[in-house]
Amino acid sequence: MTPTFLTQAQPTGESFLILPENRFAWTALNRLANETGDAARMVFLEGPAGVGKSLAIRSILRQMQAADPELSVQRVTAAQWAAEFAEAAQKRSIPQFQKKYRELNVFVCEDLTGLSGRMETQQQLVSVIDELVRLDARMIFSSKSPPGGLIDFLPRLIDRWHGGIVAGVRRPSVESRERLLKHFAKLRDLSLSGEVIEEIATRCVGSPRELWGLLTQLEATARLHRQPITTDSVRRELSSDTRPPATTLSKIAKAVAKHFGVTLAGMRDTGRSAKIVRPRQCGMFLSRELTEEPLQSIAEFYGRRHHSTVLHAVKRVQNELVEEPSLRQHLDRIRTNLGVPGTA
């Protein structure tokens, strides 16, 4: 099986900052990565959206890949797993599907709520977990809820997750938000006074992702008006109703089209010219990463009939990220323009 290689690049916003709210989770991931002593072979990260679960996973996978470039790694969302299994069942290729996931050194499955109520798919996951345990492979799972809080899941699957290390990641405290803001400001080469940092940390009680998005908006406004970021501008921004809406399929597609210099209509058309195919695939890839829209909705948005088109695009981009480091820079720039540059 061809291993999935993860790059060493550290794009904007991708530097993981260890805080009291994530320290235990990071320690568990590090023990898993370094196979320290009797470290558990499975880590389950739980916590609300935007607190850094995916960022921690990406960071630890880069560390593991650097230590062993031949490591066979597969990282999917639960929705991707379910869609792949459905496609395998339709094509009567379940043995090949099982083989793919049972020959791994490291298996990562994120956002497990995507498997809720899908009992047959969950049973397949139980079988894969049992086989990977037998082979002494390592596994990472993540969810907004702890195993016991997941609804419509097989008890034996929840038992498997309880057999590993369950580590929570929480929203940052005021002190941690101040550290995050200093960290983000350094990454962005942005000058923020102590008063501004304190104002944001006190008034914005959200997740690291929301802090990053707020900084993006504050920086854009400051550059537009050619004025520094002040406590007054922070108050105006936080009290206004003009904050940018959540990222949507349409916003992502427009940002991708603008970045690559193509038309939105062209991306949503059925054409297959080289000029359009790459932006369209990037749009589908970012739609899977930054929204909770189902595969079929993404496919239909881009004028496709079947969700497998989206899966193909996501896999294609993942593979090309290995061969073309410049593609990661394109994606990072688009994420930055959207205000959500990988701080999930």
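Brief remarks on what is shown
- Using a simple spin-label model with pseudo-atoms 7 Å out from Cα toward Cβ, residue 134 and residue 238 lie 5.5 nm apart.
- Between helix 308-323 and the chain: long-axis angle, C-alpha atoms, 0 to 90°, nearest 10: 70
- For the stretch 175-197 versus the stretch 254-308, the gap between their alpha-carbon centres in whole angstrom: 34
- Residue separation of residue 330 and residue 258 scaled by 0.36 nm, minus their Cα-Cα distance, works out to 24.8 nm of gained length.
- Net dipole in debye of the stretch 174-239 [+1 Lys, Arg Cβ; -1 Asp, Glu Cβ; about Cα centre; nearest 20]: 200
- Cα-based helix-to-principal-axis angle, 78-90 vs the chain, degrees rounded to 10: 40
- Ascending count of other beta-carbon atoms within 10 Å, so fewest first, for 204, 109, 282: 204, 109, 282
- Once backbone amide H atoms are built at 1.01 Å from N, residue 166 has 44 as its partners under 5 Å, excluding neighbours fewer than 5 places away on the same chain.
- Counted without the sites themselves, the longest stretch of the chain free of trypsin sites (Lys or Arg not before Pro) in a DSSP loop having at most 12 other beta carbon atoms within 10 Å is 93-225.
- Degrees, to the nearest 10: 23-34 long Cα axis against longest axis of the chain: 50
- Here the label points at residue 66 and residue 100, each 7 Å from Cα along the C-beta direction, are separated by 3.0 nm in the simple model.
- Charged side chains reduced to their Cβ positions (Lys and Arg at +1, Asp and Glu at -1) give the stretch 108-202 a dipole of some 100 debye around its Cα centre.
- Highest-MSF residue in the chain out of 194, 114, 213 [GNM, Cα springs under 10 Å]: 194
- One decimal place: the segment residue 49-residue 273 gains 77.0 nm when fully extended, by the rule 0.36 nm per residue minus the C-alpha distance.
- Footprinting exposure proxy ranking of 26, 161, fewest other C-beta atoms within 10 angstrom first, gives 26, 161.
- Local electrostatic count, residue 182, Cβ distance below 14 Å [Lys/Arg +1, Asp/Glu -1]: -2
- Residues whose placed amide H lies under 5 Å from that of residue 145, excluding near-sequence neighbours: 47
- Check: the chain dipole with +1 on Lys, Arg Cβ and -1 on Asp, Glu Cβ, in debye: 880
- Counting every pair of alpha carbons in the chain, the share spaced more than 40 Å apart comes to 13 percent.
- Selected from 26, 142, 310, residue furthest toward positive end of dipole (the chain; charges at beta carbon): 310
- Each label was represented as a point 7 Å from its Cα along the Cα-to-Cβ direction; for residue 116 and residue 315 these points are 2.8 nm apart.
- For the stretch 174-239, the direction-averaged projected area of the alpha-carbon convex hull comes to 3.8 nm².
- Per-residue ellipticity at 222 nm from helix content only, as computed over the chain with -39500 (n - 2.57) for each DSSP H run of at least four residues, stands at -17500 deg cm²/dmol.
Read the figures in this text as sums done on the coordinates, not as results from a lab. Small disclaimer: the values here were computed from a predicted structure and weren't measured. Heads up, the Cβs are rebuilt from the backbone with ideal geometry, glycines too, and the neighbour counts pull from every protein chain shown.
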